[in-house]
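Written out below as structure tokens is the structure these notes cover.
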Amino acid sequence: MFSLPTAPQLLKTIAAWLHQGFDATATWVTQLSWWKFFLFAALALIAGSILQDELFSGSSEEVVMKSEKKSNRKKNSGDTNILIDDTGIHFNPRNNKNRRNNEGAEPAEPPPVAEPSEGTPPAAPAPTAPTAPPAPPVPPAKAVKPSLPAGVEVSNEEVHIDLPPQIGEELSNAIEEAVDDAAEQKVTRYHKQASTWFTSFVWLLVLALFATKALVGGKKRAEAETMTANAAAERESMQRQLSEAKMQMMQAQVEPHFLFNTLASVEHLIETNPPRASAMQRSLIQYLRAVLPQIRENAVITNLGREADMVQAYLNLLKMRMEERLTVDFQIPDGLRTAAFPPMMLQSMVENAIKHGLECKPEGGTLKVLAEVAHSKLRVSVTDDGLGFGAVPSDGTGLGLPTIRERLKLLHGEQAQLLIAPNTPSGVCVTIEVPYQLSK
């Protein structure tokens, strides 16, 4: 069954609603700039003034008219005690009689005392008579109706006093004007008081919003900045983890195949050409010395010098395998070796050029590695004159260059890009552009 909430639960619910309303209002106010807030305050005051004029002006006349109709109804109703018209004054003692009947019997009226006429001396006080024995009861005499002034008529229902028509009309108008003035003054006083309260409410609302923006705005901005910073840090951490995971995936794809082929070549040369096998072994050791620190550090950004050393060791091993079929043109200035560059990208570009362009070409070709700075961007390009993309079906995963493009976007956003263009007369040119900055 549905049960009504208790008083503490109701108070807690009301407090929660008030807190939510205040928090929503404070958030909305703090999001406004100061000029927008002052514009809103001015519009609120103007709207309040217009609404005040609409609500508290022009209605006093209606109220006065209602009071006039009410007073007229009272004068024309049967419960009115006094009525003044052109014929005179009408007094209805019916209510007084009912009141007396409810309260009890009315004491007998004293007999009228005749007033002395002019020129007649006042009567002397009568001497006190001796006390006589009580007289026998006498039957009550018929009541004598007292004499009334001229122009006064008494009936069972009302008392009518005749007045000249002009005096009665003026008296009635004077009473009506007095009643109307009192009603109008009272209504005007009420309207002025309500108008003052409404104006005070609008000003207090604007001042409360101003105080909320001034006092709570700093706290809200600090909370918003903290949330934004936390979200950015979390997003950067996730991007870094994703970049590292993809770099590790690239290393896992490239290194086993390359190492197995190199070790097989060393084993074959040991039997056929031991001096050349020894040279290939030294190149393999040099390559591993350049690669292993990179794998252990698992850094997101390294320098171009370390990447160049690793690629040169890799190309030395390949040259021993391909011999005269591979020509290397390595142009990386010493001044750019300290420039920041993402790890494993240069080697991935070189491997793609060898695998898809030169290794499958019977006569081989030339591989050119070039680094330069243009428009505050570090440009590293790998160019081959091999068969080009699509000439030979690939048996790989095809994740090399797409992974490089995605890693560049995660690391540098729109400031970095991967460009792929055909080379003349054959082959492919792959270029990486990143912001030029020194590595830490």
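The values are calculated or read from the model by the stated rules, or taken from the named source; none is laboratory data. Everything numeric in this text was worked out from a predicted model, so none of it was measured. Using ideal geometry, Cβ is built from the backbone for each residue, glycine included, and neighbour counts are taken over all protein chains shown.
For segment 357-371, name all the residues that are within 60 Å of the chain's Cα centre (by Cα) and surrounded by 21 or more Cβ atoms within 10 Å (Cβ to Cβ).
Selection gives 357, 367, 369, 371.
Quick one: count up the residues across segment 309-345 that are free of Cβ contacts under 8 Å to residues at least 40 places away in the same chain, assigned to a helix (DSSP H, G or I) and more than 22 Å from residue 273 (Cα to Cα).
The qualifying residues number 5.
Taking the criterion of being under 19 Å from residue 384 (Cβ atoms), buried (at least 19 other Cβ atoms within 10 Å of the Cβ) and aromatic (Phe, Trp, Tyr), would at least one residue in segment 321-331 satisfy it?
Scanning segment 321-331, I find no residue that is under 19 Å from residue 384 (Cβ atoms), buried (at least 19 other Cβ atoms within 10 Å of the Cβ) and aromatic (Phe, Trp, Tyr), so the answer is no.
Please specify each residue of segment 320-348 satisfying the condition of being under 18 Å from residue 364 (Cβ atoms) and either at pLDDT below 85 or not charged (D, E, K, R) (or both).
Just the residues of segment 320-348 that are under 18 Å from residue 364 (Cβ atoms), to begin with: 320-330.
Those that are under 18 Å from residue 364 (Cβ atoms) and either at pLDDT below 85 or not charged (D, E, K, R) (or both): 320, 321, 322, 323, 326, 327, 328, 330.
When you check residue 310 against the structure, is it modelled with pLDDT of 85 or more and out of contact with any Lys or Arg (no Cβ under 6 Å at 6 or more places or on another chain), yes or no?
yes
Run down 278, 265 and say which single residue is of a type outside the set (Lys, Arg), part of a helix (DSSP H, G or I), within 18 Å of residue 318 (Cα to Cα) and at pLDDT below 85.
After applying the criteria, what remains is 265.
I need a count of the residues in segment 23-58 that are surrounded by 14 or more Cβ atoms within 10 Å (Cβ to Cβ) and of a type in the set (Phe, Trp, Tyr).
Looking only at that region, the number is 3.
Given the options 321, 276, 337, name the one that is basic (Lys, Arg) and either under 30 Å from residue 377 (Cβ atoms) or under 59 Å from the mean Cα position of the chain (by Cα) (or both).
It is 337.
Collect the residues in segment 420-440 that are assigned to a strand (DSSP E or B) and within 43 Å of the chain's Cα centre (by Cα), keeping them in residue-number order. If you could, list the steps in order and put the result at the bottom.
Let us first name the residues in segment 420-440 that are assigned to a strand (DSSP E or B), namely 420-422, 428-435, 438.
Hits for segment 420-440 are 433, 434, 435.
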